[in-house]
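The values are calculated or read from the model by the stated rules, or taken from the named source; none is laboratory data. Being a predicted model, the structure only gives us computed values, none of them experimental. Ideal geometry is used to build each Cβ from the backbone, glycine not excepted, and the neighbour counts take in all protein chains shown. SASA here: full protein model, heavy atoms, side chains in, ligands and nucleic acids out. Shrake-Rupley method; radii C 1.70, N 1.55, O 1.52, S 1.80 Å.
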Amino acid sequence: ISVAAQLAGLHPQTLRQYDRLGLVTPTRVGGRNRLYSANDVARLREIADLSAQGLSLERIRRVLDLQEEVRVLRLRLEEFRRTQASTSLVVWRPNTRNR
């Protein structure tokens, strides 16, 4: 926790609170130890930025949820576009008038 807190510029107790609230979910190692990824640290920094802008923790949770929803929808849209591009229908009709 102390290393992740230092990297994110937060107090270790703040990280524990964010973990309890589900704002960040580090991997658990050995049952008690938390392992924070680079993505977790980036998320902690984003939470700190939103908090510094005056957002409550509940509003921060909502912003993060909406960002995740947008990310998922963009992935689905890209998948849909790839599918549409690969399933073009080509129709060929031989020229029967000249016979």
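Some observations on this one:
- Considering (1) in contact with a strand residue (DSSP E or B) (Cβ under 8 Å, 6 or more places away or on another chain); (2) not in a helix (DSSP H, G or I), the lone condition that Trp92 does not fulfil carries the number (1).
- Members of the stretch 39-57 that are out of contact with any helix residue (DSSP H, G or I) (no Cβ under 9 Å at 6 or more places or on another chain) and part of a helix (DSSP H, G or I): Asn39, Asp49, Ala52
- Residues within the stretch 1-50 that are of a type in the set (D, E, K, R), open to solvent by 70 Å² or more (accessible area, probe 1.4 Å) and within 23 Å of Arg62 (Cα to Cα), tallied: 5
- Scanning the stretch 1-38 for residues that are part of a helix (DSSP H, G or I) and of a type outside the set (A, V, I, L, M, F, W, C) turns up Ser2, Gln6, Pro12, Gln13, Thr14, Arg16, Gln17, Tyr18, Asp19, Arg20.
- Any chance Ile60 is modelled with pLDDT of 95 or more and out of contact with any Cys (no Cβ under 6 Å at 6 or more places or on another chain): yes
- Residue count for the stretch 54-69, restricted to those that are surrounded by fewer than 10 Cβ atoms within 10 Å (Cβ to Cβ) and either over 18 Å from Thr25 (Cα atoms) or among the hydrophobic types (A, V, I, L, M, F, W, C) (or both): 1.
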